[in-house]
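Student: Below you'll find the structure I mean.
The values are calculated or read from the model by the stated rules, or taken from the named source; none is laboratory data. Model, not experiment: these values are computed from the prediction. Positions of Cβ are generated from backbone atoms using ideal geometry, with glycine treated the same way; all protein chains shown enter the neighbour counts.
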Amino acid sequence: MQRPCNTDSTQTALFTSMRWPRAKTPKRADMLAFVEAAIPWGKLEEITRPLYQSDIRKTGRKGYSLRMLLKCYVLQLLWAMSDRQTEAELLDSHAMSRFIGSDPWEPRPPSASVLRQFRVLVHGTDWPRPSWDIRQVVADALHDAGVEFRRGEITDPVFRRITKSQGPEA
């Protein structure tokens, strides 16, 4: 297996440090910066920490950080994305990969199966108090920041193979 070129985790990777001169910040990046500032990530981590221990266990392979998975879950809430769509967007969108704290090369963003496991873990829990529901905490935080939240969608074009119709022979 080939070792990555960037072994120093404090150094920013080429993909995240490249910008066009005088480039405008994309709307999605601006919106995600707003979400980053508006949502109480510490409170969400405190709520979900008893459910997810993979990133702090002492034995075995470490899991993804709880904050990274929470941010992926919030992306799924904002854009009504499936687990596979979220994985694809994290690999494709610079703004989204930066939002969750990942570089497209190292560490690799969570796969669809990891996202599904976390989502099932979160949804399968009967929260002791309504104030602990992650969706409600996110909606309340955005409301407190003065914005109305409605889910959006990211859709891809649909391509179908067409058959050549029998035309008149010339």
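Student: Starting from the stretch 59-71, take each residue that is among the hydrophobic types (A, V, I, L, M, F, W, C) and list its partners that are outside any helix (DSSP H, G or I) and surrounded by fewer than 18 Cβ atoms within 10 Å (Cβ to Cβ), counting only C-beta distances under 6 angstrom and pairs at least six apart or across chains.
Tutor: So the pair list comes out as L66/D55; M68/G101.
Student: L66: touching a Ser or Thr at 6+ places or on another chain (Cβ under 9 Å), over 17 Å from L32 (Cβ atoms) and crowded, with 20+ Cβ neighbours inside 10 Å, yes or no?
Tutor: Details: touching a Ser or Thr at 6+ places or on another chain (Cβ under 9 Å): yes; over 17 Å from L32 (Cβ atoms): yes; crowded, with 20+ Cβ neighbours inside 10 Å: yes.
For L66, the condition - touching a Ser or Thr at 6+ places or on another chain (Cβ under 9 Å), over 17 Å from L32 (Cβ atoms) and crowded, with 20+ Cβ neighbours inside 10 Å - is met.
Student: Let me ask something else. Which numbered condition trips up Q136, out of (1) modelled with pLDDT of 80 or more; (2) surrounded by 15 or more Cβ atoms within 10 Å (Cβ to Cβ); (3) closer than 22 Å to T48 by Cα?
Tutor: (2)
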